[in-house]
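> My questions will all concern the structure given below.
The values are calculated or read from the model by the stated rules, or taken from the named source; none is laboratory data. The structure presented is a predicted model; accordingly, all values stated were derived computationally and were not measured. Cβ sites come from the backbone with ideal geometry, for glycine too, and all protein chains shown count toward neighbours. To get the accessible areas, we keep the full protein, side chains included, count just its heavy atoms, and leave off ligands, DNA and RNA. Shrake-Rupley method; radii C 1.70, N 1.55, O 1.52, S 1.80 Å.
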Amino acid sequence: PGAIEETLNLTGRIMLQPSARAEVHAPYAGPVRAVLRNVGDQVRRGETLARVESAESLQTYAIVTPIAGVVLDRQTNIGDVTSDQPLFVVGVLSRLQAELNVAMRAIGRGQSGHRVFIAGLDGASRIEAQITSVLPTADAHSQTLIARATLSASQGSVLRPGMAVRGAVVTTAQQAEIVVPRDAVQTVEGRTVVFVRVAEETFEVRPVILGRVGANQVEITAGLAPGDVYVSENAFLVKAEIGAGSAS
């Protein structure tokens, strides 16, 4: 048994969670006397990033990071005079979120609590998450709402802030007796088939009849029985071997 899931396909980007990003400013104006960290450096909370000489007291003080993370941006050099602009930006790359664009007509289909699958534009690094919030106001340029899905540290290890992604929001799920991944279904000599194991290293081409088709699953209404063992991934490789005459 399984479920045929219908999805709402969205596009968006990976961003840092708001609390995972810190802009580091100089509290007192003055010339920068030392720059100790650069873009890409790992830093600890409270670590000194630069030293500035106060224009008022002529005392040199340390510019420290309020969070641990990675230096994402540096906008200062020795000799620069500080202003109200940040000198550094520090971020925690393990605390990410996907920000997905939801068209106004689809607002009801992409809501908080819905499961969503996040993947890069190349289809790799597919991650399951959950929509945690939908911003209440629309973007002025795209006229879309932003749905946010928080990614955990382990999930976000292959993703980086700024990456474009696709999101498939699961909107409905209907139960079916026999469900297989879409990749398991192939076409051989004009027939829709699944490769079923009949012995330890022997597979046969099994014609099947499809029912409902979801985003990643297909219902099989005839041709497979509960308990059948079939090729669920890389079935196209078996098909290629058959086409080359090296398998049967």
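> Compute the signed sum of charges (Lys and Arg +1, Asp and Glu -1) over the other residues within less than 10 Å, Cβ to Cβ, of residue 35.
Values: positive: 33, 37, 51, 74; negative: 80.
Overall, the nearby charge balance is +3.
> Okay, next question. May I ask you to rank 128, 56 by accessible area, largest first, using a 1.4 Å probe over the protein chains only?
Details: 128 90, 56 175 Å².
My answer, sorted largest first, is 56, 128.
> Calculate, for residue 36 and residue 103, the FRET efficiency according to 1/(1 + (r/R0)^6) with r their C-beta to C-beta distance and R0 45 Å; round to the nearest 0.05. Walk me through the intermediate numbers first.
Numbers: r = 47 Å, r/R0 = 1.04.
Rounded to the nearest 0.05, the efficiency is 0.45.
> Report residue 236's accessible area, 1.4 Å probe, all protein chains in place, as a number in Å² to the nearest 10.
Counting only protein heavy atoms, the figure is 120 Å².
> Report residue 139's accessible area, 1.4 Å probe, all protein chains in place, as a number in Å² to the nearest 10.
It works out to around 60 Å².
> Kirkwood-based Rg over Rh for region 122-248 (C-alpha set), two decimals?
1.10
> Still on this structure: Under a 10 Å cutoff between Cα atoms, tell me which one of 168, 50, 222 has the largest fluctuation in the Gaussian network model of the chain.
Answer for the Gaussian network model of the chain: 222.
> For the pair residue 54/residue 134, report the inter-label distance in nm, with labels modelled 7 Å from Cα in the Cβ direction.
5.1 nm
> Compute the length gained on full extension between residue 177 and residue 232: take 0.36 nm times their separation in residues and subtract their Cα-Cα distance, giving the result in nm to one decimal. If you can, show how the numbers build up before the last one.
Numbers: separation 55, 0.36 × 55 = 19.80 nm, distance 1.67 nm.
Working it through step by step, the gained length comes to 18.1 nm.
> Rounding to the nearest 20 debye, state how big the charge dipole of the chain is about its Cα centre with +1 on each Lys and Arg Cβ and -1 on each Asp and Glu Cβ.
Numbers: 22 positive and 24 negative charges, 93 e Å.
Computed about the Cα centre, the dipole is about 440 debye.
> Now for a separate question. Need one value: the accessible area of residue 93 in square angstrom, 1.4 angstrom probe, rounded to the nearest 10.
My reading of the accessible area for residue 93 is about 50 Å².
> Among 144, 222, 55, whose Cα projects farthest towards the positive end of the dipole of the chain, with charges put on the beta-carbon of Lys, Arg (+1) and Asp, Glu (-1)?
The residue sitting most towards the positive pole is 55.
> Could you sort 11, 171 by accessible area so the largest value comes first, with the probe set to 1.4 Å? Intermediate values should be presented prior to the final figure.
Values: 11 80, 171 35 Å².
Correct descending sequence by accessible area is 11, 171.
> What is the sum of charges around residue 174, taking Lys and Arg as +1, Asp and Glu as -1, for the other residues whose C-beta is under 13 Å from the C-beta of residue 174? Don't jump to the answer; show the numbers that get you there.
Working: positive: 212; negative: 5, 6, 177, 219.
My count for the surroundings of residue 174 gives -3.
> Express the accessible area of the chain per residue in Å², computed with a 1.4 Å probe while the remaining protein chains stay in the model. Numbers along the way, then the final one.
Details: 13760 Å² over 248 residues.
It amounts to 55 Å² per residue over the chain.
> Here's something else I'd like to know. With all protein chains present, how much of the accessible area of the chain (probe radius 1.4 Å) comes from carbon and sulfur, to the nearest whole percent?
Summing carbon and sulfur atoms, their accessible area is 49 percent of the total for the chain.
> What is the ratio of the Cα radius of gyration of the chain to 2.2 N^0.38 Å, with N the residue count, to two decimals?
Details: Rg = 26.4 Å, N = 248, 2.2 N^0.38 = 17.9 Å.
My calculation over the Cα atoms of the chain gives 1.48.
> Determine the order of 114, 141 by accessible area, beginning with the largest, at a probe radius of 1.4 Å.
Working: 114 45, 141 175 Å².
Accessible-area ranking of 114, 141, largest first: 141, 114.
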